[in-house]
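One structure is given below, encoded as structure tokens.
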Amino acid sequence: MLTVGQRFRRPEPRRRVGDFVRGLLAPLPRKNCWTIAEHAGDMGPDGMQDLLTRVKWDDAEVRADVREFVGHHLGHAEAVLVIDETGDLKKGQHTVGVQRQYSGTAGKIENCQVAVHLVYATDAGHAMLDTALYLPKSWCNDAERRAEAGVPEQVRFATKPQLASRMIAAAVTAGLPCRWVAGDEAYGNDPRLAAQLRQLRLGYVLAVACSHQVITGLGVYRVDALAAGLPATAWQRVSAGRGAKGYRYYDWSFTALPHAADAHGGHHWLLIRRNRRTGELAFYRCWSPEAVPLRSLVLVAGRRWKIEESFQAAKTGLGLDQHQHRRWTSWHRWTTLTILAHAFLAAATTHRSRPDPAGLIALTANELRHLFNTLIIEPTRRRCDPLLWSIRRRRHQARAMTSHYARQALTEP
């Protein structure tokens, strides 16, 4: 059972965090402290806002509880830790971590906030485990902005691979069963991350750029140059796993790189994927403490897309990117509670008290969320008078507006 009540000293925040997560699971058109409070039957958003800002609790400890819960329900010795980042588009410059930077979500440079996430993926399912907000150098070097956003003094600049490395190390240290790590080029092009994974004895399949160089018996070559010289017999058709439209088949080639060996030993490979329709190539650096067949590496490469499914489910159904908080603590708490809600759905979709009837497919996270809300949340949640709540909301907004103009008047010359 996923129990985080021990992280909250008083009964009020323990009750409120349950209401908050139920609000995240509910099909609200927009998720923020106002709508979640209304769904919970509160007379205003103050309690939910306090939960994210003033109440004393450690979001890292809650994520540790989530990690233990996921390991219990989805744990498998061959599990894959998937690392990737996602960006949330933001206006202005006061939200913590926001600046003009590349966002994979938008596919271009935008004013956004970027966070690195860790997902646990097995045959049984996949769940979000951990997160780290990327704080650009412009923020790290600006004491005034840091203070305004509540960034802790001990936080220093760290690259995205460094943030991923810390989360992976924490998961392994905590005893989470796992065997592999998968990630895109942002992580595959960092040699320090790969070295740490070898030290942790974690195999990896990390994407690299076409300009990436590898050491062979004949010298150093770009990976695209090696691919151009491969004979037709070097390619094998293998499925990278089941997708929305069935099994995803590509042509694959892998080449052993014995000259890349270091003090950690193990086996190095260059894995190349070729799209059977367009001929487009993708490249991966791979390592494992023991020799493994091509199919094992291909399946790990295919698992990387599970994090995209997690992002989609968390954003469209759980409000991962709908927060309206500018400060460090509130951002981490909102994201942590979203991760908690996603882990609950992931574990529930993998629970099988009896075999599925013939011909029926497993429930998706969104389908389970809808059923949980219809059968559990709605029949039991507290309701309040909509008119009374609307009056309370208008009064709260009026007070907030008056306070805003008062502060503004004090700061004007």
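The values are calculated or read from the model by the stated rules, or taken from the named source; none is laboratory data. Computed from a predicted structure; not experimentally measured. Glycine also receives a Cβ, built like all others from the backbone with ideal geometry; neighbour counts cover every protein chain displayed. Please note that ligands, DNA and RNA were not included when accessible areas were found on the heavy atoms of the full protein model with its side chains. Shrake-Rupley method; radii C 1.70, N 1.55, O 1.52, S 1.80 Å.
Which of the residues belonging to segment 55-76 are open to solvent by 30 Å² or more (accessible area, probe 1.4 Å) and farther than 17 Å from G5 by Cα?
Hits for segment 55-76 are H72, H73, G75, H76.
If you go through segment 223-261, how many residues are hydroxyl-bearing (S, T, Y) and within 18 Å of V208 (Cα to Cα)?
Of the residues in segment 223-261, the ones hydroxyl-bearing (S, T, Y) are 233, 239, 247, 249-250, 253, 255.
When the remaining residues are screened for being within 18 Å of V208 (Cα to Cα), the result is 250, 253, 255.
Matching residues across segment 223-261 total 3.
With segment 1-85 as the region, which helices (runs of 4 or more DSSP H) entirely inside it contain at least 1 residues that are hydroxyl-bearing (S, T, Y) and touching a residue at least 24 places away in the same chain (Cβ under 8 Å)?
Details: elements: 11-25, 33-40, 46-53, 59-74.
Of the helices (runs of 4 or more DSSP H) lying wholly inside segment 1-85, those with at least 1 residues that are hydroxyl-bearing (S, T, Y) and touching a residue at least 24 places away in the same chain (Cβ under 8 Å) span 46-53.
Can you name every one of the strands (runs of 3 or more DSSP E) wholly within segment 231-274 that holds 2 or more residues which are open to solvent by less than 70 Å² (accessible area, probe 1.4 Å) and hydroxyl-bearing (S, T, Y)? Full working, then the answer.
On the way: elements: 236-243, 246-256, 267-274.
Counting at least 2 such residues, we get 246-256.
Would you be able to tell me the number of residues in segment 144-161 that are under 20 Å from A194 (Cα atoms) and either surrounded by 17 or more Cβ atoms within 10 Å (Cβ to Cβ) or among the small types (G, A, S) (or both)?
Result for segment 144-161: 3.
Since G279 meets every condition but one in (1) of a type in the set (G, A, S); (2) assigned to a strand (DSSP E or B); (3) open to solvent by 30 Å² or more (accessible area, probe 1.4 Å), which condition does it not meet?
Looking at each condition in turn, G279 falls short on (2).
Please verify whether G92 is open to solvent by 10 Å² or more (accessible area, probe 1.4 Å), of a type outside the set (D, E, K, R) and assigned to a helix (DSSP H, G or I), treating the condition exactly as stated.
Values: open to solvent by 10 Å² or more (accessible area, probe 1.4 Å): yes; of a type outside the set (D, E, K, R): yes; assigned to a helix (DSSP H, G or I): no.
When the stated conditions are applied, G92 does not pass them.
Within segment 200-230, count every residue that is farther than 21 Å from A124 by Cβ, assigned to a loop (DSSP other than H, G, I, E, B) and either among the basic types (K, R) or in contact (Cβ under 8 Å) with a residue 40 or more places away in the chain (or both). Spell out how you get there, then give the answer.
Taking segment 200-230 and keeping what is farther than 21 Å from A124 by Cβ, we get 200-201, 204, 206-230.
Subsequent filtering for residues that are assigned to a loop (DSSP other than H, G, I, E, B) retains 200-201, 209-212, 217-218, 229-230.
Next cut, either among the basic types (K, R) or in contact (Cβ under 8 Å) with a residue 40 or more places away in the chain (or both) only: 201, 209-210, 212, 217, 230.
Of the residues in that region, 6 qualify.
Looking only at segment 89-108, count every residue that is among the aliphatic types (A, V, I, L, M) and either modelled with pLDDT under 90 or out of contact with any strand residue (DSSP E or B) (no Cβ under 8 Å at 6 or more places or on another chain) (or both) and tell me the total. Show your work before the answer.
Of the residues in segment 89-108, the ones among the aliphatic types (A, V, I, L, M) are 89, 96, 98, 106.
Applying the additional criterion that residues be either modelled with pLDDT under 90 or out of contact with any strand residue (DSSP E or B) (no Cβ under 8 Å at 6 or more places or on another chain) (or both) yields 89, 106.
The number of residues fulfilling the criteria is 2.
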